[in-house]
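*Asks:* Pasting a structure here, questions to come.
The values are calculated or read from the model by the stated rules, or taken from the named source; none is laboratory data. None of these values were measured; they are calculated from a predicted model. FYI the Cβ positions are ideal-geometry reconstructions off the backbone, even for glycines, and counts take in every protein chain you see. Surface accessibility is based on the protein's heavy atoms, side chains included, excluding ligands, DNA and RNA. Shrake-Rupley method; radii C 1.70, N 1.55, O 1.52, S 1.80 Å.
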Amino acid sequence: MKSEDGYVALFAALVLLVLISIIGISASRVANTEISMARNELIYQRNFFLAEGAAMEAADRLANTADLKNNMPDWMETAAGALDYTNLRAYFSHAHAPVPQASELDVNRTLYVGGVDGTAPGEGLDPDRPKIRAISVYGRCEWDGVSIIKIGYRTAY
């Protein structure tokens, strides 16, 4: 009993070892959480930009269509105000016509569809000139999650 000189040093070493182990386990869990958050952010940004690209492709196709009044693309909903957020999922699941168009960005994961919203706000009532129409264009990407982008487009026809 008289030679207990190393007992305090041994006890201090064990306490220090337990503290370092707890800190290491906590750091490992924080690192795993950070990696998971970074992956989720990467997926979100990838889907966002692919959906935006699909919507921009649709707007470009609208800009290059010579006669929207008589030659509306197949992927456009022509009934004013029929395409909105409440029924957008049905359009993208091909349950409604028009059938969304696959984007050239990624034909397996990106789609776009558009809908006429009606006459643009502030448009005059002159019957002799073409009306400016407001069009909503939606781009969608589904790749480890879903992102949908809406852009506005105005054109006269």
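*Asks:* How big is the dipole moment of the chain about its Cα centre under a simple scheme where the beta carbon of each Lys and Arg is +1, that of each Asp and Glu is -1, and everything else is neutral? Debye, nearest 20, please.
*Replies:* 140 debye
*Asks:* Please compute the per residue accessible area over the chain with all protein chains in place, 1.4 Å probe, rounded to a whole number of Å².
*Replies:* 67 Å²
*Asks:* For the charge dipole of the chain, defined by +1 on Lys and Arg C-beta atoms and -1 on Asp and Glu C-beta atoms about the Cα centroid, which residue among ILE25, ILE135, ASN87 has the Cα displaced farthest towards the positive pole?
*Replies:* ILE25
*Asks:* Ignoring ligands, DNA and RNA, please state the percent of accessible area on the range 1-44 from carbon and sulfur, probe 1.4 Å.
*Replies:* About 72 percent, which is the carbon plus sulfur part of the accessible surface.
*Asks:* Sticking with this one: Using a probe of 1.4 angstrom, how much of the accessible area of the range 92-157 is carbon and sulfur, in percent? Spell out each step's value before the answer.
*Replies:* Values: 1780 of 3610 Å².
Ligands and nucleic acids excluded, carbon and sulfur give 49 percent.
*Asks:* Another question, if that's okay. Mean-square fluctuation check for the chain, GNM, Cα pairs under 10 Å: which of ASN71, ASN108, ASN87 is largest?
*Replies:* ASN71
*Asks:* Which of rounded, prolate, oblate describes the chain, given a ≥ b ≥ c as roots of the alpha-carbon gyration tensor eigenvalues and a/c under 1.5 marking rounded, otherwise prolate only if a/b is larger than b/c?
*Replies:* prolate
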